[in-house]
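Beneath this line is the structure, given in structure tokens, with notes to follow.
The values are calculated or read from the model by the stated rules, or taken from the named source; none is laboratory data. Being a predicted model, the structure only gives us computed values, none of them experimental. These area figures cover heavy atoms from the full protein model, side chains too; ligands, DNA and RNA do not enter into them. Shrake-Rupley method; radii C 1.70, N 1.55, O 1.52, S 1.80 Å.
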Amino acid sequence: MHPKVSVIIPTYNRAHVLARAIESVLKQTEKSLEIIVVDDGSSDETEALMEQYVGEKVRYVKAPENGGPSKARNLGAELAIGDYIAFQDSDDEWTPDKLEKQLALFENTEEKPGMVYCCFLKKFPDKEILYPPVDMPMEMKSGDIFPTLLMRPLVGTPTMLIPREIWKEMGGFREELKCFEDWEFSMRVAEKHPVLLVNEPLHIAYASGESAVTESREAVKAEIFMFREFFDYFNSDDLRKLKLDSISRKVRTLEDFEEYKRGMKEVLGVEL
């Protein structure tokens with residue numbers, strides 16, 4: 001049967017937590033779905049684990065080598081046949097009603113959103129953080145969120161639900177970015193379409209030493225990439241200063257600073 005939603009789960013050496021992510025998708029109240037697990041070159045027991053899941057609703061694809069999560073997500077999306085595409089991280093969890101509530105927002109609004117996302121709860125050993133923040137005005141995080149995204153990320157990859165035609169229109173994630181690819185993708189969507197928020201945490205992210213760590217140099221490179229890509233929108237000295245301040249705060253090492261200098265010369269023609 002043709003699924004309404006295709007859920008892509010990229011994974012790399014996460015056999016010890018992958019089952020939790022898969023089970024959280026299988027327990028969704030929205031039952032018209034398929035799961036595509038894209039193994040990004042794992043060397044652990046992932047393939048053996050997947051033997052118990054592969055079937056009518058679950059497909060397993062193993063890449064020949066590790067290409068990074070964006071490449072794995074794009075590969076999964078190419079194989080997807082659902083009307084909508086969603087992404088889950090292999091070490092995270094969804095609430096059972098996540099897809100149901102996001103689909104309802106697509107189907108029960110006069111707007112034609114390019115994407116619906118949800119809040120998420122980041123769990124640390126000693127605290128929990130809800131994002132986007134409760135005190136952020138709703139108009140900044142739902143509807144025309146592009147002005148907000150110029151300055152800060154809002155949409156994590158596992159919180160996204162995207163019509164397949166919008167995914168194709170956008171051309172997927174930028175594989176050259178090693179971090180902030182979800183931020184950059186959401187900016188491209190929000191530039192052209194409304195992006196709506198289900199204003200409750202439907203995704204749970206677990207912080208651990210095993211989670212992917214964003215290197216400061218890659219963060220600097222990614223934000224310079226977005227600054228260049230959307231440069232025309234930074235059409236005042238104040239906006240450009242705010243963005244430059246945002247990028248400079250990510251500089252941690254001499255290599256980061258050299259990357260920052262190269263970026264400023266390329267984008268602004270300024271030699272630091």
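Just a few scattered comments:
- Over 18 Å between alpha carbons, listed pairs LYS112/LYS243; LYS241/LYS265; LYS101/LYS168; LYS71/LYS141; LYS122/LYS250; LYS71/LYS168: LYS112/LYS243; LYS101/LYS168; LYS71/LYS141; LYS122/LYS250
- Of THR109, THR159, the order by accessible heavy-atom surface (1.4 Å probe, DNA, RNA and ligands excluded), from most exposed downward, is THR109, THR159.
- Beta bridges assigned by DSSP with both partners in the chain are antiparallel in approximately 30 percent of cases.
- For segment 19-98 versus segment 114-133, the gap between their alpha-carbon centres in whole angstrom: 21
- Taking Cα atoms only, the orientation of helix 15-26 departs from the longest principal axis of the chain by about 80 degrees.
- Calculated mean residue ellipticity at 222 nm for the chain: -11500 deg cm²/dmol, from DSSP H runs with n ≥ 4 weighted as -39500 (n - 2.57), summed, divided by the residue count and rounded to 500.
- Area of HIS193 that stays accessible when all protein chains are in place (1.4 Å probe, Å², to 10): 40
- Taking a straight line from the alpha carbon of LYS31, these aspartates and glutamates sit under 15 Å away, with near neighbours fewer than eight places off in the same chain left out: GLU23, GLU56, ASP83, ASP97, GLU100.
- Computed from Cα positions, the angle between helix 237-248 and the longest principal axis of the chain comes to roughly 60 degrees.
- Length-normalised contact order for the chain - Cα pairs under 8 Å, 6+ apart - percent: 19
- Principal-axis analysis of the Cα atoms of the chain puts helix 181-192 at an angle of about 80° to the longest axis.
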